[in-house]
Every structure is written in structure tokens, then in C-alpha cells.
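J.: Below you'll find the structure I mean.
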Amino acid sequence: MDVLVLGSGGREHAIVSSLAASPRRGIIYVAPGNGGSAPGAVNVDLDINDATAVVDYARRNEVELVVIGPEAPLVAGVADAVRAAGILCFGPGARGAQMEGSKQFSKEFMQRHNIPTAAFGSFTSADAAYEYLEQVGAPIVVKADGLAAGKGVTVAEDLEQARQAVQECFAGRFGDAGARVVIEECMSGPECSLLVFTDGHHVLPMAPAQDHKRAYDGDTGPNTGGMGVYSPVPIVTDDEYATMLTLMEQTVAGLAADGIDYRGVLYGGFMLTADGPKVLEFNARFGDPETQVILPRLRSDLLDVMVAVARGDVGHIELVWRDDWAVSVVLASEGYPGDYRKGLPISGIADAAALCGVTVYHAGTRRLADGTVLTNGGRVLNVTALGSSFEQAQSKAYQAVELIDFEGKQYRTDIGARALRGRAAWS
Ligand code: AMP
Ligand code: GLY
């Protein structure tokens, strides 16, 4: 079976690497892809947000399954067009993708279906938003309604900061995504993600994962797309896990009740509050970098799972996981998440990947014809290690990180450190 994967990040390299291990796979096209390679995978130049171009390419190349990695093509309705063309598609249509594409949509969904989440208000004018800020007081969270590449959220410590966030949103900092502002009660507690495969009816949970969103050690500095991640999450109690799973099942049942045919990954971002897990956000896709610790632990054939999801028939599938722990450290370009240089040569990838249990996923990289790999983005590589204990996975990941070099290599040295200190590290 020939497959087309859309996207260019570490998430897509991890998806392609897992699909490449399937005995059933044919050619794996990845658009646009990056400098990472996998057996049988070919990079193709394609505008992934252009539904017509994606369908044409898939038809011309007799692709039987399209896998959509990032949120933008999902929100743009590419999955609807692919399915309408009679081609299997892994990823929800535009209506389902609104769970990520509009904070207001997902908050109203949660309200309607009794999914615990922060109290909120939603505004299209600054004056009404300022009034609400005064009523609720700080700390308070201000969010652009639409897609803002993870940068549209401000956790404001005081009202001045909150007002400024509202003002920037309406001033066009996030374009159309900021035309509406969602303001939320500020919750506290450790964060944890639970991703599930779903065909719109059944739910197949993956193990919980925990991302590190701040740029620098000690959870300081600006928010990023994610600087490192691990899975499973040792601080999550059995009760919390059971609650998160029930909430994901309730969410999928709510989507079905609302007439939304959701086929793909539903990502639940949770805060483990003193009153139990509450939803921070939903994403309509695999997380990046969560995927880079989840998929290496999956023993089941990913292609079988994705085809079953796309066909709407996962009832017969049981996922099998490795017992290992997984830790992934992101190597970023100097200056990320602000401005950074591109085109710097990277050395040591093969040495790092040769360590037992280590996989180096490419994110912002580009490969020249002679095999040289250059930096080509903010997040450059994701170094994932599996180990029989959390500590072993963590120390192996950092051993591999030391073997890789490029000018300005920036990474956090404390991925997983807080989890090892236990729950008290969050209070
Ligand atoms: P989101 O994109 O909605 O997940 O928000 C990004 C990050 O902002 C989350 O991972 C949290 O760290 C933080 N955040 C979002 N909403 C809240 C909230 N209601 N209370 C506290 N922190 C929040
Ligand atoms: N790592 C968070 C996300 O993919 O949205």
C-alpha cells in the first residue's frame, strides 16, 4: 500500500519511520518532508494546505492512504477532500478539526458535553474583554481563538499583562486567529497529554506523555512548540489516568452525538488539578514532540492501525506497547523560538543513532545530494532514547545529544528532571 504523509516536522519523521517498518507498506511519499530518511520514503514538493493539489497528487500516484500530520491542512478541510475522492484518510475533516482550530468551539463543546475545563468568556471587542478581566482578576489566561502555532496563549500574572495580551490580539498579532479572544480561569498543577486513536466511535488510548513547553531549563523562558518529552508519565496516578481516559471517551461520544465523523488522533491536553484532571485544550492530530516518544514504544503495526482508523473500524484492534520508558530531547537552533540561522552543517547524527535504543528524528533539517545534513528550522532534531527505566532512557538520550553538534546547538538539560523528583516538584 502506497501512503502519502503530509508535514515536515519530527512528528512526521517519526510517523514515516514507523510506517516504514510495516510489511504491508509500499512507497511512502512525504510532503514536503525534511532531511530525515526512512527506507522506502520519498520527499515530494506539494502545498499541503491545497486540497486539490493533495488529491491530484494522491490520484496520480495511486496513493491508497493519506496521513495528515499538522493542524493547518486539517482545519483547511484537506481530509474532507481526500475522503470525497474515495481515498482513505487519517485525520479529521474540517468540522472535527475545529476542536483545535477554534478555542471557542472546543470550550463550548466541553460545556455542552460536561467535560471539566477552566471557566471562560469569549470576546470580539477589547472593551468587553477588559471588563471581564476586571471581574475575574489575575492570574488569568488570554488566548487567541484560532491557530497561532502554539504562540497565542498568555498566562498573565497581573491584569496589566492580561490587558496587553488582549490588546495585541485585537491589534492583529495573530492575524485572523486573534479576531476573537478567549479568556480563561487560570488552573494549576502538572500537565499531561493523553492521545487516542479514534474512528469516531471507539477509542484506542496511547500512553500519557509530558511535554516541556518553555525554552530554558527550570521551565523558564518563552513558550515553544516543545523542547522535550517523555512517556509514560510516572507522576500520573491510576485514578487520574482512568479519569482522563473516561473524558476522552466522553469527548468522542460527544463528537459522534454532534454528527462529527472524527477519524484520526484526538489529543487531550490536561492539567492535573487538585480537583482532578481538567482539559486545557484539544488538538486534532498527533503532538510534536509527543509522537517521537509514543510511536517508538508502539509494537503494533502503525499502518494497520491507521488504515483501520481511516476505514472507521478500529473495534477489532488492540494496541501492543513496549514496556520501555522513552525520553526525547529537542535540539534547537540558537535563538529559537525567536529568530535563528539556517543552513549550518550538523555532525554526529549517525554516531548518536548507533547507540542502542536511540533514534534521531529529524525536524528542521535539509539533506544535500552528498548526504550532508544542514539545519533548516527552529527545532532541528529530536533525540529519543528507550530504556528499561526512566533514568536509563534519560541518560541515554543525553549521551546521544552530546555526540551531535552544530553551531549554536540549544537544548534543555533537564528533560524529565521534575518527573524524577515526583509530584512535590509541582507544588
Ligand atoms: P493551550 O495551547 O491552550 O494548551 O495553552 C498552552 C499552555 O498554556 C498550556 O500547555 C498551559 O501551560 C498554559 N495554559 C493554557 N490554559 C491554561 C489555563 N486555563 N490555566 C493555566 N495554564 C493554562
Ligand atoms: N507538543 C504540543 C503540541 O503538539 O501541540
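J.: Among the residues of region 168-227 satisfying the criterion of being within 16 Å of ligand 2 (Cβ to nearest atom) and among the hydroxyl-bearing types (Ser, Thr, Tyr), which is farthest from residue 266 (Cα to Cα)?
T.: By that ranking, first place goes to 224.
J.: Would you pick out the residues in region 152-174 that are open to solvent by less than 60 Å² (accessible area, probe 1.4 Å) and within 22 Å of the chain's Cα centre (by Cα)?
T.: Matches in region 152-174: 152, 153, 154, 174.
J.: To continue, here is another question. Report every pair of residues separated by at least 6 positions or lying on different chains whose Cβ atoms are under 6 Å apart, first residue within region 277-291 and over 21 Å from residue 412 (Cβ atoms) and of a type in the set (Asp, Glu), second within 9 Å of ligand 1 (Cβ to nearest atom) and assigned to a strand (DSSP E or B).
T.: Going by the 6 Å Cβ cut-off, the qualifying pairs are 281/269.
J.: Just to check your reading of the model, which residue among 312, 348, 287 is under 21 Å from the mean Cα position of the chain (by Cα) and either modelled with pLDDT of 95 or more or open to solvent by 20 Å² or more (accessible area, probe 1.4 Å) (or both)?
T.: It is 287.
J.: Filter region 248-296 for residues that are in contact with a Phe, Trp or Tyr (Cβ under 8 Å, 6 or more places away or on another chain), more than 14 Å from ligand 2 (Cβ to nearest atom), more than 26 Å from residue 323 (Cβ to Cβ) and not small (Gly, Ala, Ser) and give the result.
T.: Once the filter is applied, which keeps residues that are in contact with a Phe, Trp or Tyr (Cβ under 8 Å, 6 or more places away or on another chain), more than 14 Å from ligand 2 (Cβ to nearest atom), more than 26 Å from residue 323 (Cβ to Cβ) and not small (Gly, Ala, Ser), region 248-296 yields 251, 252, 255, 258, 263, 278.
J.: While we're looking at this one, here's another question. Go through 145, 211 for me and flag whichever is under 24 Å from the mean Cα position of the chain (by Cα), closer than 30 Å to residue 317 by Cα and buried (at least 21 other Cβ atoms within 10 Å of the Cβ).
T.: 211
J.: Only one of (1) farther than 23 Å from residue 197 by Cβ; (2) open to solvent by 60 Å² or more (accessible area, probe 1.4 Å); (3) touching a strand residue (DSSP E or B) at 6+ places or on another chain (Cβ under 9 Å) fails for residue 127. Which number is that?
T.: Exception for residue 127: condition (3).
J.: Among the strands (runs of 3 or more DSSP E) contained in region 56-156, which hold 3 or more residues that are more than 15 Å from ligand 1 (Cβ to nearest atom) and of a type outside the set (Ser, Thr, Tyr)?
T.: Correct list: 65-68, 88-90.
J.: How do the pairs read when you match residues in region 108-120 that are open to solvent by 40 Å² or more (accessible area, probe 1.4 Å) with residues anywhere that are among the aromatic types (Phe, Trp, Tyr) and more than 16 Å from ligand 2 (Cβ to nearest atom), using Cβ under 9 Å and keeping only pairs 6 or more apart or on different chains?
T.: From region 108-120, the pairs are 111/120.
The values are calculated or read from the model by the stated rules, or taken from the named source; none is laboratory data. Just so it is clear, the model here is predicted, and its values are computed rather than measured. Heads up, the Cβs are rebuilt from the backbone with ideal geometry, glycines too, and the neighbour counts pull from every protein chain shown. Calculation scope for accessible area: heavy atoms of the full protein, side chains included, ligands and nucleic acids excluded. Shrake-Rupley method; radii C 1.70, N 1.55, O 1.52, S 1.80 Å.
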